[in-house]
Amino acid sequence: MAFVTRQFVRSVSSSSTASASAKKIIIKHVTVIGGGLMGAGIAQVAAATGHTVVLVDQTEDILAKSRKGIEESLRKVAKKKFAETPKVIKTPMTSQKTFESLIDFSKALGKHPVSCKDTPGFIVNRLLVPYCMEAIRLHERGDASKEDIDTAMKLGAGYPMGPFELLDYVGLDTVKFIMDGWHEMDAKNPLFQPSPSLNKLVAENKFGRKTGEGYYKYQ
């Protein structure tokens, strides 16, 4: 999860810079745009830590699915995890008080925030997405099956999920969107090259867990 504070300059940053001695902004109301796995997780954690939450998406069906997922998560584990290390992004337009307030908000959610400059992919995605794409290329070349790649990374590297399991969890459409943007930014970079199998699955609306099929099939 990343707080890209450019979007909040008018509503948040202006109020925090009104006075050098002004108090930090205490965030009590949270609006989450997008009710997918990540959005629902953010909404649940924010609500569980005492914040008033509004979850927004394009259709009522998506919101109903998000609500059902949150309710099932509460019955199973009481608290849904979405990211233990939120990235708080400070741009040249972000005031120090806004930045500090977002750090405090992340901690109020029970998370461990980290700071990063406004760079493509920030920290996690910049390292994780190329790793997943290399796993796809390994499979596309026929070097190993996706099942063996996932097993090797879980048992050999100690990862909780294999790259193909993770791709399906994140959403193949999301991964393709990220890669398309990076490829447009730097088409010669070998890490940012498109994947035939990823493009095919997305074209078939097979996005992973949220659609019931991606690199794996789900009940």
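Since every read-out is calculated from the coordinates, none of them should be taken as a lab result. Remember, predicted model here, so these are calculated numbers, not experimental data. Neighbour counts are summed over all protein chains in view; Cβ atoms, including those assigned to glycine, are modelled from backbone coordinates with ideal geometry.
Of the set (1) assigned to a helix (DSSP H, G or I); (2) without any contact (Cβ under 8 Å) to a residue 60 or more places away in the chain, all apply to G142 but (1). Just to be sure, is K68 part of a loop (DSSP other than H, G, I, E, B) and basic (K, R)? The answer is no for K68. Taking the conditions exactly as written (surrounded by 18 or more Cβ atoms within 10 Å (Cβ to Cβ) and in contact (Cβ under 8 Å) with a residue 24 or more places away in the chain), does G110 satisfy them or not? It is false that G110 is surrounded by 18 or more Cβ atoms within 10 Å (Cβ to Cβ) and in contact (Cβ under 8 Å) with a residue 24 or more places away in the chain. Take D118 and decide whether it is touching a residue at least 12 places away in the same chain (Cβ under 8 Å) and surrounded by fewer than 16 Cβ atoms within 10 Å (Cβ to Cβ). Yes: the conditions hold for D118. The number of residues in segment 170-219 that are of a type outside the set (F, W, Y), on the phi < 0 side of the Ramachandran plot and assigned to a loop (DSSP other than H, G, I, E, B) comes to 11.
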